[in-house]
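The values are calculated or read from the model by the stated rules, or taken from the named source; none is laboratory data. Predicted model only: the values in this text are computed from it and were never measured. Counting neighbours? That spans all protein chains shown, and the Cβs are built from the backbone with ideal geometry, glycine included. Heads up: the accessible areas ignore ligands, DNA and RNA and are worked out on the full protein's heavy atoms, side chains in. Shrake-Rupley method; radii C 1.70, N 1.55, O 1.52, S 1.80 Å.
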Amino acid sequence: MDDLREQIELLESSANLSASIGDFQKAIDMLTAARGEIAADPSKAAFTLAKLKTPFNETMDASYQNLKPVNSGLSKYGKALDKKFRDKPLPSAENDALSSHPSLINRAIAMHLLREGQFDVASTFVQEAHRHPPHPEPTLSTPSPSARTDSWEQDLAEGTFNSENLQRQFADMYHILHQLRNERNLEPAIQWARERSDILEQRGSNLEFDLCRLQFVCLFVQNQEDDSMDDTPAGPLRAWHYAKQTFGVFSQRYAREIQHLMGAMAYHENVEDSPYQRYFYNDSAWEEVAHSFNREFCSLLGLSADSPLFIAATAGAIALPYLLKMQSIMKERRAEWTTQNELPVEIPLPSSYHFHSIFVCPVSKEQTTDSNPPMMIPCGHVIASESLDKLSKGARFKCPYCPTESHPREAKKVFL
C-alpha cells in the first residue's frame, strides 16, 4: 500500500483547489458586475464586454493551470489503484447465508446510520424499506425463512432500538465528543459520567476518574499569573483546589494515581523534567478519553463501541484476499469446501475483532461448533461432544488426560 500512500501524499501536496475555487469565484464576480453595468446602461454593453474579456480569460487560465496538477494526480492515483486492485471476480457461494435474513441487514444499516449521526438518512431509509419490504430467500441453513419483515422496524420504533430515542442519545454523544475533541471542554463528559457514576462503578469503568484526572492536568499546566495568590503560579493552585473537591470519592480505588498527581505539585516549576512528566504531556490523552467515553456510552445502550456494519465490512475486506487465493487453489485442484458454518482458511483478524472465544478439542484437533459443542467431564477436562461419543460409546470411559473414569451423561456442556 506504500505506492498508494505516496500518490495520496503527492496529490495533497500538489493540489491547489482553494486557488482554483478563488479564481472561479473571481470570474463569477466579474460577470455579475458586468451584468449590473449593462443593466444600468445598455448602450455601453459592447464596451463593458470588451473590457471584461482580458481579465476574465486570465482568471480562467489561472484556474485551469491550478487544476492541472489535481487532474494529473487523480489520474496517477487511479492508475495506482487499478494496478494494486486488479479486476478479479469476487468469491461466490452457492448459498448466501444472509439472503434468508434481509431484516437483519436492514436493521444493521439503519443502526449504522443512526450511530453515525446521519439521522435524516436513517429516517428515509426506514421509510423506503417499509414501502419496499425485503423478501427472505431459503438457504440450506434456513429452508423456510419467516416471511415477516416488520420486526426490525418495530424494534426501531418501539423496542430497544427506538430510533427517536437513539437519535436523542446519539445527538448527546456527538455533542459531548465534539466538546472533547474540538473544544477541549471536559465539563459535559464529566457531568454525564457523574450522573451514571454508580453504573460505571459497577462495570469497573475508569471513565469518570480519567476525565477528572485530565481536568486536573489541564488546570495544572495553565501558567496564568494570579496576583491574589501571592507569586505562586495560579495553575497548580487551581488544580490543587480542584483535587480537594473532586478526588475524595476516588481515594480508595485510585489512591496511587492520586498520590502521583499530588506529588507533581512539588515540581510545578519544572514538571517537564520531573518523574511525573508523562501525566502532564500526553499528546493522545484527549483522544483516549474520547474513545473511552464513546465505548462506555455505547455499552450503556447495549451496543458495541464500533458499528457492527463497519466491523463486518472491514473484516470482510481483510478476509477477501485470503478467500480469493483459496478459491483459485481449490479451482486448480478441482476441490470443494463442504464444511458448513466454517471458513476454509484461518483469517488473521486483529485482536480487536475477536469477540467470541474459540475452543479446539485436544482430541480431534477441531474447533467446536453449535452442533459439536465443548463438554466438560467430571475431572474438569474439556473435549468436543463428538470426541466424547467416540471415546465413551455410551458407557463409562477413562479421561484421555487423567485416570478419572466417568459416564458420558455426567458431562456438562460448556458455554463460551
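Compute the label zone of R168 within region 174-202: residues whose backbone N is under 16 Å from the point 7 Å along Cα-to-Cβ.
Once the point is set 7 Å along Cα→Cβ of R168, 174-175 turn out to lie under 16 Å by backbone N, inside region 174-202.
Taking the convex hull of the alpha carbon atoms in region 360-413, what volume per residue do you get, in Å³?
Convex hull of Cα atoms, per residue: 64 Å³.
Place a +1 charge on the Cβ of each Lys and Arg in the chain and a -1 charge on the Cβ of each Asp and Glu, then give the dipole magnitude about the Cα centre in debye, rounded to the nearest 20.
1640 debye
For R115, tell me the accessible area in Å² from a 1.4 Å probe, rounded to the nearest 10.
Rounded to the nearest 10, the figure is 10 Å².
Anyone know which of E37, E366, E187 comes out most mobile in the 10 Å Cα GNM of the chain?
Result: E37 has the largest fluctuation of those listed.
Can you compute the FRET efficiency between C399 and L98 using 1/(1 + (r/R0)^6), with r the Cβ-Cβ distance and R0 = 60 Å? Round to the nearest 0.05.
0.90
Could you tell me how many cubic angstrom of Cα convex hull volume the chain has per residue?
It comes to 327 Å³ per residue, whole-number rounded.
Can you tell me the FRET efficiency between K325 and H354 if r is taken as the Cβ-Cβ distance and R0 is 22 Å, rounded to the nearest 0.05?
Computed FRET efficiency for K325 and H354: 0.50.
Expressed as a whole percentage, what fraction of the accessible surface of region 331-416 belongs to carbon and sulfur atoms when a 1.4 Å probe is rolled over the protein heavy atoms?
The value for region 331-416 is 50 percent carbon and sulfur by accessible area.
Hey, could you pull the Cα Rg and Dmax for region 1-84, both in Å?
Considering region 1-84 through its Cα atoms, Rg and Dmax are 19.1, 63 Å.
Could you tell me the convex hull volume per residue, in Å³, taken over the Cα atoms of region 239-318?
Considering the Cα atoms of region 239-318, their hull volume per residue is 149 Å³.
Compute the FRET efficiency between I347 and K79 as 1/(1 + (r/R0)^6), taking r as their Cβ-Cβ distance and R0 = 25 Å, and round to the nearest 0.05.
E between I347 and K79, to the nearest 0.05, is 0.25.
Which one, S328, S385, S123, has the greatest fluctuation when you compute a Gaussian network model over the chain with C-alpha springs under 10 angstrom?
Looking only at S328, S385, S123, the biggest GNM fluctuation is shown by S385.
To the nearest 10 degrees, how steep is helix 163-181 against the longest Cα principal axis of the chain, on a 0 to 90 scale?
Computed tilt is about 60 degrees.
Gain in length, R194 to N270, computed as 0.36 nm per residue apart minus the alpha-carbon separation, to one decimal in nm?
Difference between extended and current length: 24.1 nm.
On C-alpha positions alone, give me the angle between the axis of helix 308-333 and the longest principal axis of the chain, in degrees, nearest 10.
70 degrees
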